[in-house]
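The values are calculated or read from the model by the stated rules, or taken from the named source; none is laboratory data. On a predicted model such as this, the values are computed, not experimentally measured, just so you know. Glycine also receives a Cβ, built like all others from the backbone with ideal geometry; neighbour counts cover every protein chain displayed.
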Amino acid sequence: MKLTLTAALLAGSALATAATACETTLRSSDTHPDGYPTVIAVQEMGKLLEERTDGRLCIEVFPSAQLGEEKDTIEQTQFGVIDMLRVSMGPFNNIIEETQVVSLPYIFRSVDHMHKVMDGPIGDEILEAFSDHDLVGLAFYDGGSRSFYNSEKPITSMEDLAGMKFRVMQSDIFVDMVSALGANATPLPYGEVYSSIQTGVIDGAENNWPSYESSGHFEVAKYYTLDEHLIVPEVLVMSKSTWDGLSAEDQEIVRQAAKDSVPMMRELWAEREKESEAKVIEAGAEVVTDIDKTPFIEAMKPVYEKHVTSDTLKDLVERIQATE
Ligand code: BDP
């Protein structure tokens, strides 16, 4: 039997939790359900923390948006009500300017390009930007690439999107991105997407394979078009007030444990992308893979013109594009 990395880690974590008694348990929020790569990665980071601090620090992950939708949990983490948060960079766009650069459509040529950028000095600068907003940026996780899906028809060209209504994450860039493609955007919390498609309030949304699958959106929106307009990394942050309560030594251990969870997360992600794709296709999703992205990329010029106006963003865009 082939035991996947996910299954192996889940089996291990059940044993580990049973034996734990921690001095301080950090509460970490995630919108995704148990077993999702981001949730497992933070649980694994918690195990590293527990080992490396001799039980001074552990992490408990609250999955499935138990602590709230992303926009609210960002605020709660800034206020120190939640200690840690794994979230998409998208919902940070209206708060932290530097995060906007990774939300620009087609800014990354590929996931490899995104890794190169986020693993280097540009990624460090973006993590650093969180510290002006009562947060500490710890690490970036994978979020694959995002594509459109809908309940109405297969989208085979940009023209097919005309007049359709899509949910986007709560960020002005995504609203303008959808408008530039000739469609209408409705910013909504993630948890409202399923019922909004089901009741016809929107025609569809956009996301990566694992989210499209785990949210069940494929059940109500079976047409998925691989236009891959966004590659938005995920970020793991800690509340500044929690951080300030840690010793310098523990801060360093936290930072390192977060970084050490990244390679494992990427492996889990790659595995899950394939599993999710296979699962939705098996369940009847119709996938359009043969799509000419050139018109989509060209249509994004006004989005860049409107949003990339400050020196900070212009410089980041230039350096990202120059990263080989
Ligand atoms: C998923 C991200 C999650 C976002 C969600 C969304 O992992 O953080 O909440 O998309 O579209 O891919 O809101």
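Before moving on, here are some points about what is shown:
- Of all residues in the range 64-119, those being of a type in the set (Asp, Glu) and in contact with a Lys or Arg (Cβ under 7 Å, 6 or more places away or on another chain) number 1.
- Under the condition of being more than 26 Å from residue 73 (Cα to Cα), more than 16 Å from the ligand (Cβ to nearest atom) and crowded, with 17+ Cβ neighbours inside 10 Å, the residues counted in the range 96-114 number 2.
- Taken over the range 30-44, residues that are more than 10 Å from the ligand (Cβ to nearest atom), under 13 Å from the mean Cα position of the chain (by Cα) and more than 20 Å from residue 259 (Cβ to Cβ) amount to 0.
- Being surrounded by fewer than 21 Cβ atoms within 10 Å (Cβ to Cβ), farther than 17 Å from residue 254 by Cα and without any contact (Cβ under 8 Å) to a residue 12 or more places away in the chain is true of residue 75.
- Looking only at the range 78-95, and only at residues there that are surrounded by fewer than 19 Cβ atoms within 10 Å (Cβ to Cβ) and of a type in the set (A, V, I, L, M), the one that is farthest from the ligand (Cβ to nearest atom): 81
- Only one of the listed residues (257, 248, 205) is farther than 20 Å from residue 275 by Cα, within 15 Å of the ligand (Cβ to nearest atom) and not basic (Lys, Arg). That residue is 205.
- One residue stands out among those in the range 251-260 that are out of contact with any Gly (no Cβ under 9 Å at 6 or more places or on another chain) and surrounded by 23 or more Cβ atoms within 10 Å (Cβ to Cβ): the one that is farthest from residue 35 (Cα to Cα), which is 254.
- Residue 296 fulfils the conditions (1) in a loop (DSSP other than H, G, I, E, B); (2) closer than 17 Å to residue 147 by Cβ except for a single criterion, (1).
- Taking the range 136-179 as the range and being assigned by TED's automatic domain parsing to the domain that holds residue 220, among the aliphatic types (A, V, I, L, M) and more than 15 Å from the ligand (Cβ to nearest atom) as the test, the residues that pass are 155, 158, 161, 162, 164.
- Hey, residue 216 away from the ligand (no atom under 13 Å from the Cβ), farther than 26 Å from residue 99 by Cα, in contact with a helix residue (DSSP H, G or I) (Cβ under 9 Å, 6 or more places away or on another chain) and small (Gly, Ala, Ser) or not: yes
- Qualifying residue in the range 219-231 (condition: within 14 Å of the ligand (Cβ to nearest atom) and closer than 19 Å to residue 69 by Cβ): no
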